[in-house]
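Accompanying notes for the structure given below.
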Amino acid sequence: MTATRIAPGTTRIGWIGTGVMGRSMCGHLLRAGFTVTTYNRTKKKAELLLAQGAQWADSPKQVAQAADVIFTIVGYPADVRAVILGPDGVLSGCQPDKVIIDMTTSEPSLAVEIAAAAAKQGVCSIDAPVSGGDVGAQQGTLSIMIGGDAQVVASLAPCWEVLGQTIVRQGGPGAGQHTKMVNQILIATTMVGVCEALLYGYRAGIDLPTVLRSVSSGAAGSWTLSNLAPRIIDNNFDPGFFVEHFIKDMGIALEESKRMGLAVPGLALAHQLYLALRAQGHGRDGTQSLQLALASLSGIDWIMR
């Protein structure tokens with residue numbers, strides 16, 4: 001795979017997973033001029049892409065047969081395994097020199113396993129999880145954390161550049177997923193702080209939008225504070241990233257930390273709080289809905305405030 005082979009109009013793209021983020025990401029490739037064949041378990045979620053010119057395939061295998069570069073972004077490691085390594089999966093439809101790019105946040109060990117299985121067929125597999133949520137996906141400003149062969153990663157620049165803004169190869173197979181675990185640990189503990197700070201400001205009786213003007217540009221500033229705190233204040237808990245998927249990510253990070261002999265009490269606490277949030281019926285809400293679980297601990301009905 002060389003850089004000259006990756007270009008709109010000549011490179012055929014396969015896209016599997018058209019959820020909250022995948023739909024927008026695939027749309028960028030379509031608008032950039034790439035030919036796209038797509039598959040999703042629920043075809044209805046792909047209708048917008050089909051209307052924009054994408055072709056439909058009935059299975060991951062058929063996507064791979066119709067494409068040179070196949071992207072996947074699905075929910076859980078088990079989904080990744082089924083979609084790529086399953087009997088009707090992507091790898092079963094790949095000929096040598098094709099490239100598989102999994103953008104799901106998944107297990108580093110699974111990324112290594114897929115890369116090894118792909119290599120036996122002369123196929124390159126890359127793990128490239130992303131950060132930036134629904135807004136980053138819509139605007140094409142995602143941070144893409146990449147693990148895989150350096151030459152192949154470089155050749156894919158025309159794809160990366162329409163999907164993200166910060167594109168960094170972290171190392172070999174699995175390195176992208178390890179980097180995403182660093183990202184998720186940062187988000188988990190930051191989200192707890194943002195929610196607690198908003199609760200403090202609310203109980204103190206100060207105007208929260210005005211407070212954000214002061215603190216967002218100082219040392220406490222963060223993406224979470226700037227992008228999700230306003231949603232919390234507006235009682236907007238629509239998903240940019242599902243609670244249940246974040247719980248999955250934290251579980252992976254906890255397991256990896258255990259394997260490496262690390263104590264991560266902040267992550268463990270955030271994981272427990274999110275488990276409580278899911279038990280309260282918010283598994284399909286956005287990660288910012290943690291505010292509801294923390295508010296309930298202080299007897300505050302946040303939505304009715």
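The values are calculated or read from the model by the stated rules, or taken from the named source; none is laboratory data. Given the structure is predicted, the values throughout are model-derived calculations rather than measurements. Here the Cβ is made from the backbone with ideal geometry for all residues, glycine too, and neighbour counts use every protein chain on show.
Does Ser143 satisfy the condition of being of a type in the set (Ser, Thr, Tyr), surrounded by fewer than 22 Cβ atoms within 10 Å (Cβ to Cβ) and more than 18 Å from the chain's Cα centre (by Cα)? So Ser143 does not fit the description; no. Residues satisfying the criterion are absent from the range 49-56 (criterion: in contact with a Phe, Trp or Tyr (Cβ under 7 Å, 6 or more places away or on another chain), touching a residue at least 24 places away in the same chain (Cβ under 8 Å) and of a type in the set (S, T, N, Q)). Residues in the range 237-267 that are under 19 Å from Arg23 (Cα atoms) and not in a helix (DSSP H, G or I): Asp238, Pro239, Gly240, Phe241, Phe242.
The residues on offer are Gly17, Gly89, Gly33, and the sole one that is among the small types (Gly, Ala, Ser), under 23 Å from Ile146 (Cβ atoms) and under 16 Å from the mean Cα position of the chain (by Cα) is Gly17. Among the residues of the range 148-207, the ones that are farther than 28 Å from Gly299 by Cα and not small (Gly, Ala, Ser) come to 26 in all. Residue pairs whose Cβ atoms lie under 6 Å apart, separated by 6 or more positions or on different chains, with the first residue in the range 82-108 and assigned by TED's automatic domain parsing to the domain that holds Ala66 and the second of a type in the set (Val, Ile, Thr) and in a loop (DSSP other than H, G, I, E, B), are Val83/Val74; Cys94/Val123; Lys98/Val123; Met103/Ile73; Thr104/Ile73; Thr104/Val74. Only a single criterion out of (1) closer than 18 Å to Thr18 by Cα; (2) of a type in the set (Gly, Ala, Ser); (3) more than 22 Å from the chain's Cα centre (by Cα) is not satisfied by Ala116, namely (1). Do you know which residues across the range 19-58 are at pLDDT 95 or above, among the polar types (S, T, N, Q) and more than 15 Å from Phe71 (Cβ to Cβ)? Of everything in the range 19-58, just one residue is at pLDDT 95 or above, among the polar types (S, T, N, Q) and more than 15 Å from Phe71 (Cβ to Cβ), namely Gln52.
Within the range 199-219, residues that are closer than 20 Å to Gln288 by Cα and assigned by TED's automatic domain parsing to the domain that holds Arg231 have Cβ atoms under 8 Å from residues that are among the basic types (Lys, Arg) and part of a loop (DSSP other than H, G, I, E, B) in these pairs: Tyr202/Arg305, counting only partners at least 6 apart in sequence or on another chain. Determine whether Gly33 is in contact with a helix residue (DSSP H, G or I) (Cβ under 9 Å, 6 or more places away or on another chain), touching a residue at least 24 places away in the same chain (Cβ under 8 Å), farther than 24 Å from Phe241 by Cβ and assigned by TED's automatic domain parsing to the domain that holds Trp160. No, not satisfied.
For the range 91-112, filtered to residues that are in contact with a helix residue (DSSP H, G or I) (Cβ under 8 Å, 6 or more places away or on another chain) and over 23 Å from Asp249 (Cα atoms), the residue that is surrounded by the most Cβ atoms within 10 Å (Cβ to Cβ) is Val99.
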